[in-house]
Structure formats: C-alpha cells, structure tokens
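Here the structure comes first, spelled out in structure tokens, and everything after it is commentary.
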Amino acid sequence: MTDASASPTQDAFLDLLHAQRVWDIELPAFDPAGAPPAPLPLFHAWFAEAVAAGQAEPHTMTLATADAEGLPDVRTLMLHDADARGWHFATHATSAKGRQLAARPYAALGFYWPAQGRQVRVRGPVTTCSPAESSVDLHARSTGALASALVGRQSEVLGSTGELDRASDAAWQRAQEEPDAEVASWTRYVVEPREVEFFQGDARRRHVRLRYRRDGTGWERELLWP
C-alpha cells in the first residue's frame with residue numbers, strides 16, 4: 001500500500017500530534033477595554049510579562065516576505081528593537097529576505113508566547129536604516145554574531161560543511177582581532193506598523209483579539225471574532 005496516511009509511521013506521527021496539549025496551563029486575562037490607545041505600550045508590557053513568565057526566547061519572531069513571484073516566504077529571527085518608528089530587525093541586504101524586501105518592501109511579523117497563550121502580529125511597509133545605524137547594530141552584538149555576519153553569503157548554495165567550517169574559523173579569528181570590522185551588506189530594517197493585532201488565548205476558545213489599525217496619525221481599535 002502506497003498511501004502514506006495508512007503507513008505505521010504516519011499513524012504514529014498522527015497519534016503523537018493529536019496527543020499534544022494546547023495551553024494546558026492557567027492563562028492570564030486580557031480586558032481590551034483597558035488597552036492603551038496605541039499598540040507599542042501594550043507590546044512592551046506583554047513582552048515584559050512574557051519574560052517574567054519564563055517564556056523561552058521571547059525576542060524571536062517570524063518574518064514573512066514575498067519573493068519575485070509574489071509567493072510567501074517565512075523564517076524566524078530576532079527582534080532588535082520596538083520603538084516609535086516600528087519593529088526592528090537586521091540581516092544581510094544580499095540575503096534572500098534582503099533581496100525580497102528590496103523588491104517588495106512590505107512584511108509581516110509574528111510573535112508567539114505559549115507560556116501565556118499570546119500572539120502579536122505586525123504588518124506594514126519596511127524601511128532601511130542608515131549605514132551608520134546598521135553599523136551600530138552590528139557592533140552592539142556578540143563576537144559570534146559579528147563572526148557570522150563576516151562569513152556572509154547567507155542563503156547561497158553551500159558546497160560542503162567543510163567549506164563552512166573554514167569560512168567560520170576565519171571569520172571568528174577576524175571578529176576577535178578586529179571587533180570594529182565592518183560588513184557592508186549588514187542592514188537594519190524597520191517594519192512601520194499599519195496593523196498590530198494582540199491575541200490572548202482562552203482555554204474555552206473564547207480568544208480575545210484586539211487589532212490596532214493606523215488611521216492618519218492615530219490608531220483605530222477593533223475587536224475580532226476568534
């Protein structure tokens with residue numbers, strides 16, 4: 001029988017998948033009536049609460065972009081800041097996401113903090129920071145992060161792991177010897193929010209969804225059905 005759905009391996013996977021629990025913990029309450037008029041203060045508060053709740057790597061997020069054909073692409077990376085301008089991240093301008101953003105400067109971000117059953121979604125145009133700000137971003141990070149940036153060639157086809165080992169060793173040595181080394185392709189980006197949604201999960205599936213939408217210089221708030 002060739003039907004994968006009937007194979008023992010597939011059956012075992014489905015059994016394991018269906019055995020997983022969702023939010024089998026006490027979840028916090030969220031009253032949208034008390035939410036601030038703008039999304040940034042609420043994001044800052046939720047982030048701090050995620051850290052306090054022991055959420056692993058709360059600063060990681062998914063970044064969705066579109067390729068040259070308009071097809072979606074997604075990956076996980078780190079948040080570098082969230083301020084009045086928007087949500088910041090950095091990458092090589094020569095990477096797949098960098099090229100996609102150059103052609104289609106619009107993106108979506110997703111944060112998921114299961115320790116509290118919370119999600120935050122951000123959508124908006126993407127702007128490029130100045131070379132000076134990108135350089136500051138690069139050198140504010142660890143030696144390992146600088147070494148990784150010095151390796152470069154992100155998303156290119158790799159011939160062998162040995163090739164990566166040699167390039168990585170050389171980059172680590174340079175990062176240690178030249179902590180101020182520059183990487184021309186390293187670029188800091190900002191997602192300027194047009195929509196920000198806050199999702200609070202509920203064990204009885206009465207999830208609370210609050211969406212902020214940019215309205216001129218202010219924000220319109222609206223509840224969404226779960």
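The values are calculated or read from the model by the stated rules, or taken from the named source; none is laboratory data. Fair warning: this is a prediction, and the values are worked out from it, not measured in the lab. Quick reminder, even Gly has a Cβ in these numbers, built from the backbone with ideal geometry, and neighbours come from all protein chains shown. For accessibility, only protein heavy atoms count, side chains too; no ligands or nucleic acids. Shrake-Rupley method; radii C 1.70, N 1.55, O 1.52, S 1.80 Å.
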key: Percent carbon-and-sulfur accessible area, the stretch 1-72, ignoring ligands, DNA and RNA, probe 1.4 Å   = 60
key: Extension gain (nm, one decimal) between ASP202 and SER168, 0.36 nm per residue minus Cα-Cα   = 7.7 nm
ask   = Can you give me the pair-distance distribution of the stretch 1-57, C-alpha pairs, 10 Å bins, whole percents?
value = 17, 28, 20, 17, 15, 4
message = Which one, ASP24, ASP15, ASP165, has the greatest fluctuation when you compute a Gaussian network model over the chain with C-alpha springs under 10 angstrom?
response = ASP15
task = Calculate, in whole percent, how much of the Cα-Cα pair population of the stretch 162-213 lies beyond 11 Å.
result = 80
remark   = Along the dipole axis of the chain (charges at Cβ: +1 for Lys and Arg, -1 for Asp and Glu; origin at the Cα centre), the most positive-end residue among PRO8, PHE47, PRO58 is PHE47
ask   = Any idea what the dipole of the stretch 37-165 comes to, in debye rounded to 20, about its Cα centre with Lys/Arg Cβ at +1 and Asp/Glu Cβ at -1?
value = 320
ask   = Per residue, what accessible area does the stretch 77-226 have, given a 1.4 Å probe and all protein chains present, in Å²?
value = 54
task = Specify the inter-centroid distance of the stretch 129-158 and the stretch 19-73, based on alpha-carbon positions, in whole Å.
result = 26
inquiry  = Can you compute the radius of gyration and Dmax for the stretch 84-164, using only the Cα atoms, both in Å?
reply    = 15.5, 44
task = Return the FRET efficiency for the residue pair VAL74, ALA103: r is the Cβ-Cβ distance, R0 is 22 Å, and the value is rounded to the nearest 0.05.
result = 0.85
task = For the stretch 120-207, state the average projected area of the convex hull of the C-alpha atoms over all orientations, rounded to one decimal in nm².
result = 9.1
Dipole moment magnitude, nearest 20 debye, the chain about Cα centre, only Lys, Arg, Asp, Glu C-beta charged = 680
inquiry  = Taking the Kirkwood radius as the inverse of the mean 1/r across Cα pairs, report the Rg/Rh of the chain.
reply    = 1.03
